[in-house]
Amino acid sequence: MSDSLDQIFISAKHWILSLLSGLPDWAAPIISSLINIGALLGVFLTLFAAISVLERKILGRMQNRYGPNRVGPFGLFQPVADGIKMLIKEDVVPARADKVVHFIAPILVAAAAILALGVIPYGRNMTPFAIDGGILFFFAVGSTTELAVFMAGWGSNNKFSMLGAMRAIAQMVSYELPLILTTLPVVMIVGALSPDAIVAAQDGYSLSVLPHWFVMTPWGAAAFVLFFVSGLVESNRTPFDVPEGESEIVAGHMTEYSGFKYATFFMAEYFGMFAISGLAVTLFLGGWHSPIAALNFIPSYFWFFLKLSALLFVYIWVRGTLPRTRVDQIMNFAWKFMLPMAFTLIVAAAVWHYQGRGLAGWLWSLVVIALVYLALSRLLDTRKKFATRTYRFAE
Amino acid sequence: MNSVAFLLIAIITLAGALAAAALPRLIHAALSLVVAFVGVAASFFLLGAEFVGLVQVFVYVGAVAVLIVFTILLTRREVTGERGINWGGAIVALAVFGGLLWTILKTKSLALPAPQIEPLTVKRIGEALMTNYVWPLQCVGLVLTAALIGALVLVMEEKREEK
Amino acid sequence: MNSWIVSNLWLIPAMPLAFSLIILTLANSRRAGAAGLAIAGQVIAFVLSLVAFLSTLQTPGFRAVHNFTWFTFGDQALRLGWVLDPLAAAMMIMITLVGLCIFVFSIGYMAGDKNFTRFFAYLSFFSGAMLGVVIANSLLLLFVSWELVGLASYLLIGFWIDRPSAAAAAKKAFITTRIGDLGFFLGTLWLYHNSGTLLFYDQGRGCLEEAGLLAIGGSATFIALLIFCGAVGKSGQFPLHVWLPDAMEGPTPVSALIHAATMVAAGVFLIARVYPLFSLGAVNGVTPSLTVVVSVGVVTALMASLIALAQFDIKRILAYSTVSQLGLMMVSLGVGGVAAGIMHLIAHGFFKALLFLGAGSVIHGLHHEQDIRKMGGLRWILPVTFLTYAIGMMNLSGVPFFFSGGWTKEEVLHAAGHWPVSRLPYYLMLAGVILTALYMTRQIIYVFFGSARNTDVQSVRPAVFDSVEAATTTENISVGGTGHRPVFHAHESPPVMTMPLIVLALCSILFVLVLTPAWPWLHAYLNGEPARVDFGSLIQPMLFLSLALVAGGIGLGWLIYRRIRETDPLARAQPGLFRFLENKMWFDEFYEQTVITFSRILARLADWLDRYFWDGLVRLFAGIGQAFGVLSKGFDDHGINAGVDETMSGTRGFGRLIAAAHSGQIQTYLGAIAIGMLLLLVLYAWLG
Amino acid sequence: MDPTLQLFLIISTALFSIGLLAALSRRHAIFILIGIELMLAAANLNFIAFWRFGPPPQQPTGVLVAIFSIAIAAAEAAVGLALVIAIYRHYHTTSVDKLDHLKG
């Protein structure tokens, strides 16, 4: 019973394919892919709509105000209204813009985000695009985003756009290194680049309550935190939203976009967020595995989307809590802290492996991480550079 | 591997490359170069070397293209630098193409179909890199480090003089 | 312990030397550090010397050597080493103890000098070098240390380098002793040629032992005399004594160190060390070389005593007294009383250091006034200095019973009285005793008794002291630097200067305990015999004779100098003789007229030769060269160049042709490469 | 009809010639770099193609050489572009026509 519920979408797909058995041979894989793409787009567009309104409501809650509450019950139809507004807006293209580049940029951004979503296993046997080097594919596609952002900034022929694009590329390039390096320990321990293999490696429970997720190891927990922070930067979310900080440079590389193109950028940003969170779930949070052995009867995709939603909530939470960082702080943090720590985690994972992946390895890798962390925090301590603050007029 | 895909990829690759070589605006050429690279990566996929294809996209699109674009931005002031095409070079390039094409076509043994092979997994590549090719791997690491430092020094040196 | 100190005897000279090097690296402002380090080095050396001394007490005639090979050339090995025997141990004790006192005294005396640290570095170096001389078991090591002593004396005499007279005195000391050292070095070479070793003691094979002496044989006399040349230079014997009084240009502690512990003692010590060479083949204890030593000693002793009688510089008088006492020691060595000579050397080391430091205290108290005519009446102003100085004077004059100098002089006279060749040295020595008492009485009366004769000195009374200070400040700048400490109500020197005086005075008195004939322990120790207690021998006829002579000398001096007027009493009585003595018997002038004039003539001759003869030759060759040059130029211009020019222009033309292909444009080159590749391809296809 | 080795070689030859064209005929320094990158890509294509069409069982040598060559190309691009920037700062031009200080 639970199995059939678990595999219900797979069965549905096979049922559709069996209906089309009359078609020629070469069409079957194409149809299969199309079904995958359709399902993917459907799910994530829905999620996008839901998140866009939920984010506003949660932020409102955090900031002591109502969120959207006019369209539909509890304002739940707000995304529909937004969508209609976006679609019927005039599409303004600056006269001096590089029209082709300006046009391609949002498409490329969205394409990259959607492609990246393709390699993530959403449930048992539910990977839309299962290839051997899935993680690498994710990052290869993800790195295209930088180019797309640049095209947007350059094609607009606008100083704000260009500045925003430069900022975005700078911080994305900087944080791509820790992002990739923090996946390395997992890849190293699993011995495969395929997300399915990584999820499979996190199967099993100790005492049937402690899941074997990588986040349960010291290096995995640290890597998860680093990965999450890098993900925040990669998706240009607060507190790392300098590329599109409204109070500084209007909307960064999206300044000259309006209407549906702007909506595409907006959507791509959220899709990117989904992709990064999905990868984090896959790499560290055990993918679609349930947290307790007893809860295995609940379908796998439910667990995946539960974890994904939890992460997305943290994204929103962070946005509602933290102020924006400065550009130089972001860069210093990347090169002076994230990168050394990421390298350390590789060593820590190796230590964990060679100590037999048991309790001893757990402790030793914790020691390695703690040592380097303490050393780095001593080295990077900037407090001593400032004089103690004196309050002259506020005694 | 089918010929439709091959044809498509070949057309995209060559078109992108031609655009990269011939477009008057540098930025367009650079973006066309990205298209050509993606095409080459696709043909790697077609040939069964998925890993190399991904690396190709990763390195060229993610890094080299961004670098080129940045360089264009930093050296943008000169707009009227382009003064037509050096036709002598074009003739030489054409001659080389002709010569190579003639040689390839002349060699009959090259017209062989693809044999069946077991798929090349990332694991195999990794094992090869860590066993037989570990020495070249280290050398490449060294070269990359040296290039990184060298590039930094090259760009920084002038800056200090300007101050 | 015993073997440890023997194999580590080198530490004794090495500690002061090492500390000296460390002090040299200190900044000028680290005064306390410099003095502390120097004194620490000296204290360590003293303690080690004590250890060494204690281990020599085990058996009479203890002697331990430690030899090692320095380097090997061919099948010859050059070996160095050090020796520990009563002679070395006694000398080490004396040197380190006296040196320590002088170092401490220097803290006060040099307090105002801006080169304080440098001074202590040199002092420490000096002491270390002298200790090296003492422990050396190789004539070469001894020579090296000997030359280091010379270098240190040069540095210290010329310490106040901004004074021309100091620089001249340093040069004079260095060059004069170098003349003697030349002889020493020749003697060393000769010795090595004959005996094949420079080690003194080497398990029977050393040059002072049976086999070595046998190998030297008949040439021992010449070798001994050559080595004696070195001793003459170092110990200021006639005729190379001229540098010693001039060495007074150095700071007074340096004079004390040179005259008491280190430099001049080296000559006497050298003779004592190589005494077997001198006494080789002796008949009845007499050899030609020893006779020369006696003669030189007698002449020096009498001459210096006479000169001292007519000097007015407080330090110069002491300097001539040193020369005369050294003459006395030489006589003692020459007549066979080696132990007596060394005993006198050690006793002399104590009381002469005492006298010099006392003089230094006086000079310090009077703001670098050295003329005894301007002193007088100081006994109430400088009581401690006066008392200790008087003890030193008693020692030097040879008053027996309580003063070690008297007993050691007795020993020397005793030895001289038994010389089989002649009684003349003995009588002359007795005359020297009277003279010594006389000039010391003169000096002490001039300095401490009577009333102040000079306005400057008169004002050395507490009430008006500050005005003197102001009046003499300008002189002080050139002398002691700007930091001179004013002594408004302290007419006596500070304790740091008087304490060494007291210690030295006590030493010179307590030293008597091991000297008297009743228990001649030191004599026996140096000779390697057990000592006997015999109170009966305390009273000897000769004792009364010398007592009478000393008393006579002092009384005579009291009579003559009791009333001091503007001029010296002796000058009034015998003006010609006094002038002769006052001008040091015109030795300097004599040397100026003879040696220096001769060398000047030689230099002129060499100069003339250089200018006219050698220069002419050089010019001749230069002319020949020029002529060849002209010829060669003609040949080059018209013969070779034409051909080369043709070749060059051809090459240049070809080069231009080639250079045209180098456009400097990268694309041209790239294109060329592509074309080349294409051609290769075509060639390949053609062939394959 | 499946594509043969010959077809891949023709594609790579064309790619190479286009790269050569860019390197030889364009005057902007960055175009030369673009051309060189294209030529390198053509070479990589050749490596992969020869590996794929070699007699089985193939060693992954061709693939590894391609990976190394991509790494080297990245290094070359970094240094080359740094050079372009340095030259631009120094001579205020990126046109290789004007950079002829080596002219004989």
* Structure fact -> In region B:90-115, residues that are modelled with pLDDT under 80 and within 7 Å of chain D (Cβ to nearest Cβ) total 6
* Asked: Across region B:116-143, what is the number of residues that are more than 8 Å from chain D (Cβ to nearest Cβ) and aromatic (Phe, Trp, Tyr)?
  -> 1
* **Count of residues meeting criterion [at the interface with chain B (Cβ under 7 Å from one of its Cβ atoms), of a type in the set (A, V, I, L, M, F, W, C) and farther than 24 Å from D:HIS28 by Cα] in region D:59-88** => 6
* Structure fact -> Within region B:1-35, the residues that are surrounded by 23 or more Cβ atoms within 10 Å (Cβ to Cβ), closer than 19 Å to B:THR71 by Cα, touching a helix residue (DSSP H, G or I) at 6+ places or on another chain (Cβ under 6 Å) and more than 9 Å from chain D (Cβ to nearest Cβ) are B:VAL34
* Asked: What is the residue count in region C:12-32 for residues that are under 18 Å from C:VAL104 (Cα atoms) and touching a residue at least 12 places away in the same chain (Cβ under 8 Å)?
  -> 8
* Pick out the one residue from A:LYS159, A:LYS99, A:LYS85 that is among the basic types (Lys, Arg) and more than 14 Å from chain B (Cβ to nearest Cβ). => A:LYS85
* To do: Return the total of residues in region B:36-49 being crowded, with 22+ Cβ neighbours inside 10 Å and at the interface with another protein chain (Cβ under 7 Å from one of its Cβ atoms).
  => 7
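Of A:VAL141, A:VAL100, A:VAL92, which residue is surrounded by 24 or more Cβ atoms within 10 Å (Cβ to Cβ) and of a type outside the set (Phe, Trp, Tyr)?
On inspection, the qualifying residue turns out to be A:VAL141.
Can D:GLU76 be described as surrounded by fewer than 24 Cβ atoms within 10 Å (Cβ to Cβ), in contact (Cβ under 8 Å) with a residue 12 or more places away in the chain and not in a loop (DSSP other than H, G, I, E, B)?
Working: surrounded by fewer than 24 Cβ atoms within 10 Å (Cβ to Cβ): yes; in contact (Cβ under 8 Å) with a residue 12 or more places away in the chain: yes; not in a loop (DSSP other than H, G, I, E, B): yes.
Criteria met by D:GLU76.
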* Check region D:91-101 and report whether any residue there is within 20 Å of the chain's Cα centre (by Cα), at pLDDT below 90, at the interface with chain B (Cβ under 7 Å from one of its Cβ atoms) and buried (at least 20 other Cβ atoms within 10 Å of the Cβ). => yes
* Give me a count of the residues in region A:83-129 that are in contact with a Gly (Cβ under 7 Å, 6 or more places away or on another chain), in contact (Cβ under 8 Å) with a residue 60 or more places away in the chain and either of a type in the set (S, T, N, Q) or not in a helix (DSSP H, G or I) (or both). => 9
* Asked: Quick one: C:HIS241 ticks every box in (1) part of a helix (DSSP H, G or I); (2) under 25 Å from the mean Cα position of the chain (by Cα) bar one, so which box is it?
  -> (1)
* To do: Could you give me the residue pairs with C-beta distances under 7 Å whose first residue belongs to region C:539-555 and is of a type outside the set (S, T, N, Q), whose second residue is outside any helix (DSSP H, G or I) wherever it lies, and which are 6+ apart or on separate chains?
  => C:LEU543/C:PRO400; C:LEU547/C:PRO400; C:VAL550/C:GLY398; C:VAL550/C:VAL399
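From the list C:LEU309, C:LEU326, C:LEU366, C:LEU318, pick out the single residue that is closer than 26 Å to C:TRP380 by Cα and within 21 Å of the chain's Cα centre (by Cα).
After applying the criteria, what remains is C:LEU318.
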* Only one of (1) surrounded by 22 or more Cβ atoms within 10 Å (Cβ to Cβ); (2) touching a His at 6+ places or on another chain (Cβ under 7 Å); (3) of a type in the set (Ser, Thr, Tyr) fails for A:TYR205. Which number is that? -> (1)
* Mind listing just one residue for me: the one in region A:152-166 that is closer than 15 Å to A:GLU246 by Cβ and crowded, with 24+ Cβ neighbours inside 10 Å and, of those, nearest to the chain's Cα centre (by Cα)? => A:GLY164
* Got at least one residue in region A:375-387 being surrounded by 15 or more Cβ atoms within 10 Å (Cβ to Cβ), at pLDDT 80 or above, under 20 Å from A:PRO178 (Cβ atoms) and among the hydroxyl-bearing types (Ser, Thr, Tyr)? -> no
* Please find, among A:GLY272, A:GLY245, A:GLY259, the residue that is in contact (Cβ under 8 Å) with a residue 12 or more places away in the chain and crowded, with 24+ Cβ neighbours inside 10 Å. => A:GLY272
* **Filtered residues of region C:202-236 (kept if closer than 27 Å to C:ALA301 by Cβ and either among the hydroxyl-bearing types (Ser, Thr, Tyr) or without any contact (Cβ under 8 Å) to a residue 40 or more places away in the chain (or both))** => C:THR221, C:PHE222, C:SER235
* **Single condition C:ALA310 does not satisfy, out of (1) assigned to a helix (DSSP H, G or I); (2) in contact with a Phe, Trp or Tyr (Cβ under 6 Å, 6 or more places away or on another chain); (3) more than 20 Å from C:SER422 (Cβ to Cβ)** => (1)
* To do: Sort out which residues of region A:1-50 are closer than 22 Å to A:GLY278 by Cβ, in a helix (DSSP H, G or I) and not aliphatic (A, V, I, L, M), and write them in order of number.
  => A:ASP6, A:PHE9, A:LYS13, A:SER32, A:SER33, A:ASN36, A:GLY38, A:GLY42, A:PHE44, A:THR46, A:PHE48
* Structure fact -> Exactly one of B:ALA146, B:ALA65 is more than 14 Å from chain A (Cβ to nearest Cβ) and modelled with pLDDT of 80 or more, and that one is B:ALA146
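The values are calculated or read from the model by the stated rules, or taken from the named source; none is laboratory data. Model, not experiment: these values are computed from the prediction. We place every Cβ from the backbone using ideal geometry, glycine too, and count neighbours over all the protein chains shown.
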